[in-house]
Every structure is written in C-alpha cells, then in structure tokens.
1. Out of the DSSP beta bridges found with both residues in the chain, what percent are antiparallel (nearest 5)?
2. Leaving out ligands and nucleic acids, note down the accessible area per residue over the chain with a 1.4 angstrom probe, in whole Å².
3. In debye, nearest 20, what is the charge dipole magnitude of the chain about its Cα centre with +1 on Lys and Arg Cβ and -1 on Asp and Glu Cβ, if you could check?
4. Using the Kirkwood formula on the Cα atoms of the chain, what hydrodynamic radius do you get, in angstrom to one decimal?
Amino acid sequence: QVQFVESGGGLVQPGGSLRLSCAASGSGFSITAMGWFRQAPGKQRELVAGITRDGIISYADFVKGRFTISRDNANNTVLLQMNTLKPEDTAVYYCYANIRRNYESSPQYRYWGQGTQVTVSS
C-alpha cells in the first residue's frame, strides 16, 4: 500500500507564503510523477503543479510566477512553495503520485493523499 505524509497547510494572510510537503512511502513501486491538485468548495478539483521523475514540470496558469514545485526522487518527496498567496488560492490541496509497480510493462496508477487545508484570509 502506498502511504502519504502531507504537511504545510494552514492559515495565511494574502500575500503570504506556505510550503507544502508530500512524501510517499511503501515498497514494490516506482514513482513516475508527483504533484498537487486542489479543490475549493463548489469547484472542480484542478491541477496546481506536477513534476515527473525526470524533472519535467507543469503549472496551472493561475499559479505561474507564484508557486514552485520541486522533488527529491530518492525520498519520493515533492515540495510546493507557494508565494504571493491570494484568497482564491483557498482550497484543500491534495498530493498525488503516479506509480508503476516494479515489474516490466506495469500500468500506471494514481494514488492520493488525504489533503491539507490552505486558507488565505486577512
């Protein structure tokens, strides 16, 4: 079973910063990509940022220039540095990992963390 440890959410004022961390643990798999989705009340879940094991990064347009994603492949960890936060960034942020089992031609699976609340309010 794949397990996640997520941290870094909380309450911050507009213009402030938070850093989210997500570490995946388990055995018998390798991670092809990790990142974050978020979901606000009444809204669809949307991609925030993702990074492949080879370092290819994708950002949602609404976070470009404000958020930075990075990873430590050896520790199956992804970080999301969030700067210049806005009230509209308020959401539950969910870590994800795209995983392949350790056998040749394994299909890919997506696993989810339980989420961490980010609230941006003065």
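1. That works out to approximately 95 percent antiparallel.
2. Working: 6750 Å² over 122 residues.
With all protein chains present, the chain gives 55 Å² per residue.
3. Roughly 80 debye for the chain.
4. 14.6
The values are calculated or read from the model by the stated rules, or taken from the named source; none is laboratory data. These numbers were taken from a predicted model, which means no experiment stands behind them. Using ideal geometry, Cβ is built from the backbone for each residue, glycine included, and neighbour counts are taken over all protein chains shown. Note: accessible area is taken over every heavy atom of the protein model, side chains too, but ligands, DNA and RNA are not part of it. Shrake-Rupley method; radii C 1.70, N 1.55, O 1.52, S 1.80 Å.
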